1. Using 1/(1 + (r/R0)^6) with R0 = 30 angstrom and r between the beta carbons of ASP68 and VAL107, what's the FRET efficiency to the nearest 0.05?
2. Express the C-alpha Rg of segment 54-173 as a ratio against the empirical globular expectation 2.2 N^0.38 Å, rounded to two decimals.
3. Which distance in nm do the two modelled labels at THR90 and LYS116 give, with both placed 7 Å along the Cα-to-Cβ direction?
4. Running Debye on segment 102-173 with equal point scatterers at the Cα sites and no solvent, what base-10 log of I(q)/I(0) appears at q = 0.14, 0.24, 0.27 Å⁻¹?
5. Can you list which of the GluC sites (Glu not before Pro) found in segment 94-173 are DSSP loop residues with at most 14 other C-beta atoms within 10 Å?
6. For segment 64-173, which trypsin sites (Lys or Arg not before Pro) are in a loop by DSSP, counting at most 16 other Cβ atoms within 10 Å?
7. Taking the Cβ-Cβ separation of SER135 and SER98 as r and a Förster radius of 25 Å, what is the calculated FRET efficiency to the nearest 0.05?
8. Quote to one decimal, in nm, the extra length available between MET172 and ILE83 on full extension: 0.36 nm per residue of separation minus the C-alpha distance between them.
Amino acid sequence: MLKALVAGILLLSTAAWAQESTEVYDDEVDLLAPEEVTVAEPAQVRVLPSCQDERLLAQVKELLEEYDAEHPVSSIYDRRQRIMKMRFATSYEEEQVSGFTAKNNRVVADKLLMTKINNGLNDNEIRLCKSNKKSEQFSPIYLMIYPYANEWIVEVLNLLENSREELKTTFMP
């Protein structure tokens, strides 16, 4: 009888302990409960400027003129080459970012890939513009436009002889 009484007390105390341990307190985390999902407000999607945006093209032209003034060339041949390249940098058409590979242009493809990786951008967050004017003497000139903070970065690619040298400006939407 004593054994039955001790067993009954143990059973009641175990049931009370089990009931206490299933209650969730404020400072405890219930591992079986689903996580609370907080829905962030969708980021405001800003539309990339088009390749024919007049303000953008005027700003690029100004950037190229500043570069030309700061880096004069000495020979007549080099001067003529630069003038011809500058003429090709006046109008652009959009080039698809998603299918752009080194077969199109290695320098531009490398810069595009590094920009996407370093800035965490997707293909739809970058606009690539290719110069309209064709010439067998010169490679096309590209503009790469992507967001940075509250403005756009516009990089002129494939214009300079030294591909490590950057030619870029900011553009306010």
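1. Details: r = 20 Å, r/R0 = 0.68.
After rounding, the FRET efficiency stands at 0.90.
2. Values: Rg = 14.3 Å, N = 120, 2.2 N^0.38 = 13.6 Å.
Compared with the compact-globule rule of thumb, segment 54-173 sits at 1.05.
3. 3.3 nm
4. Listed by q, the Debye log ratios stand at -0.44, -1.21, -1.44.
5. Values: sites: GLU94, GLU95, GLU125, GLU136, GLU151, GLU155, GLU161, GLU165, GLU166; in loops: GLU136, GLU161, GLU165, GLU166.
Those satisfying the criteria are GLU136, GLU161, GLU165, GLU166.
6. On the way: sites: ARG79, ARG80, ARG82, LYS85, ARG87, LYS103, ARG106, LYS111, LYS116, ARG127, LYS130, LYS133, LYS134, ARG164, LYS168; in loops: LYS103, LYS133, LYS134, ARG164.
Answer by residue number: LYS103, LYS133, LYS134, ARG164.
7. Working: r = 27 Å, r/R0 = 1.06.
It comes out at approximately 0.40.
8. On the way: separation 89, 0.36 × 89 = 32.04 nm, distance 2.79 nm.
Extra length available between MET172 and ILE83 comes to 29.3 nm.
Values quoted throughout were computed directly from the atomic coordinates according to the rules given, and no laboratory measurement underlies them. The model shown is predicted, which means the values in this text are computed figures rather than measured ones. Glycine also receives a Cβ, built like all others from the backbone with ideal geometry; neighbour counts cover every protein chain displayed.
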